[in-house]
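The values are calculated or read from the model by the stated rules, or taken from the named source; none is laboratory data. Note that the coordinates shown come from a computational prediction; the quantities given were computed from them, not determined experimentally. Please note: Cβ atoms are built from the backbone with ideal geometry, for glycine as well, and neighbour counts cover all protein chains shown. Accessible surface areas use protein heavy atoms only, side chains included; no ligands, DNA or RNA. Shrake-Rupley method; radii C 1.70, N 1.55, O 1.52, S 1.80 Å.
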Amino acid sequence: MASPAVSSLPDLPEPGGLCAIHQPNLFPRLTMLAKLFAADYWIVLDDVQFTRRDYQHRARLGILDEPDRRQWLTVPARLPHGRSTLIRDTLIDDPDRACRTTAGMLRQYYGASPYWPALEQALAPVLDAFGTGRTATVAETSTRALLGLLGWQGKILTSSDLPSPPGRSQRLADLSAITGARAYLCGIGGMTYLDPAPFVAEDIAVTPFRPPTTGICSSGRSLSSLGALAALGPQEVATIMQRLALDDA
């Protein structure tokens, strides 16, 4: 008889794909978006500690015609459990005001783009997500919206819905194994600390994701991907993403 933990698992994707595991980021940078686009499924890592200086509730925007001019868009966060608050439990400080500020900055920075109507329509659910009062929901919804604009056909799971033991590398390997992944797609930063042994034990390959550092990716490690989408349009960015995904297939 199946255990309650197994029977309560969410619908899992078909085994054999590429798995990416990443915390929810607000309007993610191009490098993160490219990694998720190359994966067959994304596990949203929502049950780890929230970090104020990370991208979990903020994004760096570049002005459409002057990308060197940059400004932070930050969703003010409140930590009900202090520094130990998990990402999923972090609350938005004054959600209505944060929503208005976000909408205003997005229009200010990208409203002149010929692709703004499509962007504005796709980002509407992000503004609606402020009503939940949770930073993680807003951040995840923003990533879903941008992946949707690019036509990504993958599946999204949430780490807090999946059983896994503690331990950084062991946990990543076990989460990947639950989905039946053939490979774990790992960013350059993650490769510096990842222990390959748990992945070897699960017969899961660790595939480094190394996006280019030229063209639109030259600022992809710091700027939100909204800038590229506003400058080039979703179709052109999707073409670039597809090419990068093939390189990592």
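For the reader, a short list of remarks on this structure follows.
- Any chance L79 is of a type outside the set (S, T, N, Q) and either modelled with pLDDT of 95 or more or closer than 30 Å to A183 by Cα (or both): yes
- Single condition A231 does not satisfy, out of (1) more than 19 Å from P28 (Cβ to Cβ); (2) over 17 Å from the mean Cα position of the chain (by Cα): (1)
- When R60, R88, R53 are checked against the criterion of being outside any loop (DSSP other than H, G, I, E, B) and either in contact with a Cys (Cβ under 7 Å, 6 or more places away or on another chain) or within 26 Å of G167 (Cβ to Cβ) (or both), a single residue qualifies: R88.
- Residues that are in a helix (DSSP H, G or I) and out of contact with any Pro (no Cβ under 7 Å at 6 or more places or on another chain) do occur in the stretch 63-83, at least one of them.
- Selection within the stretch 1-28 - modelled with pLDDT of 95 or more, open to solvent by 20 Å² or more (accessible area, probe 1.4 Å) and more than 18 Å from V206 (Cβ to Cβ): Q23
- Residue match in the stretch 93-114 (condition: in contact with a helix residue (DSSP H, G or I) (Cβ under 8 Å, 6 or more places away or on another chain), in contact (Cβ under 8 Å) with a residue 40 or more places away in the chain and open to solvent by 70 Å² or more (accessible area, probe 1.4 Å)): no
- Failed criterion for G190 (all others in (1) of a type outside the set (A, V, I, L, M, F, W, C); (2) open to solvent by 50 Å² or more (accessible area, probe 1.4 Å); (3) within 24 Å of L26 (Cα to Cα) hold): (2)
- Scanning the stretch 193-214 for residues that are open to solvent by less than 90 Å² (accessible area, probe 1.4 Å), within 20 Å of Y41 (Cβ to Cβ) and not polar (S, T, N, Q) yields L194, P198, F199, E202, I204, A205, V206, P208, F209, P211.
- Within the stretch 218-249, the set of residues being open to solvent by less than 50 Å² (accessible area, probe 1.4 Å), farther than 26 Å from Q121 by Cβ and not charged (D, E, K, R) comprises S222 only.
- Subset of the stretch 128-166 [in contact with a Leu (Cβ under 9 Å, 6 or more places away or on another chain), open to solvent by 50 Å² or more (accessible area, probe 1.4 Å) and not acidic (D, E)]: R134, K155, P163
- Within the stretch 59-92, tally of residues that are open to solvent by 60 Å² or more (accessible area, probe 1.4 Å) and touching a residue at least 60 places away in the same chain (Cβ under 8 Å): 4
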